[in-house]
Amino acid sequence: MSRRLTLIAVIVSCAAVLALPLLAQGLQSHAGRVQHGVRAHAGSGPGQGAAVSHLDLAGKTVLEGVVDGINMGRGHGTPSFTMVADGKKVTIVTSPYRAVIDADYKISMGDRINVLAYPFTQQKDTYAAAELKNLTTGAVLTLRDENGVPAMGNGACANCPCNTAAHPQK
């Protein structure tokens, strides 16, 4: 009997040691929440983290043009497309990309697009899309709310790395 208990204790100890890296990653990814409250997102409202927003919320603008470049897909980096609007080439970041995928929203070369967007504060002629209207296909997709916060999915920020069933965004 004591031999069996020793074997069980060894197995439990090994399992605990093997689980430590996983537990450390989980605790580390939520450390910002515990110490600083809910992490800020682009365009977060007043409160903690609002000053670190990378979007100019007051600069909300409408751009319209023809798509001349697309950079969207797995392994392609930040999902975006380029278009010529008012005679200049602009980059439109389409995030959260999960919302684009879930909506099966298509953007093709040559499409005429109307975009409600927020300019990035540190990248010239680069905007975060709040709403995309594909004038060629008639499809409309909302990616951010009126405060610049990314589209919601199941009551939580769709692209938030700390969003889990155990710790949903509030």
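General remarks:
- Enumerated strands (runs of 3 or more DSSP E) restricted to the range 101-144, each holding at least 2 residues that are within 15 Å of Met72 (Cα to Cα): 126-134
- Of everything listed in (1) free of Cβ contacts under 8 Å to residues at least 24 places away in the same chain; (2) closer than 21 Å to Lys60 by Cβ; (3) surrounded by fewer than 16 Cβ atoms within 10 Å (Cβ to Cβ), the single unmet condition for Pro79 is (3).
Here is a yes/no grid of residues against (1) farther than 11 Å from Ile92 by Cβ; (2) assigned by TED's automatic domain parsing to the domain that holds Asp86; (3) charged (D, E, K, R):
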| residue | (1), (2), (3) |
| --- | --- |
| Ala103 | yes, yes, no |
| Lys106 | yes, yes, yes |
| Asp125 | no, yes, yes |
| Ala128 | no, yes, no |
| Leu141 | yes, yes, no |
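The values are calculated or read from the model by the stated rules, or taken from the named source; none is laboratory data. As the structure is a computational prediction, the values presented were derived from the model and not from experiment. Note that we place each Cβ from the backbone using ideal geometry, even for glycine, and neighbour counts take in every protein chain shown.
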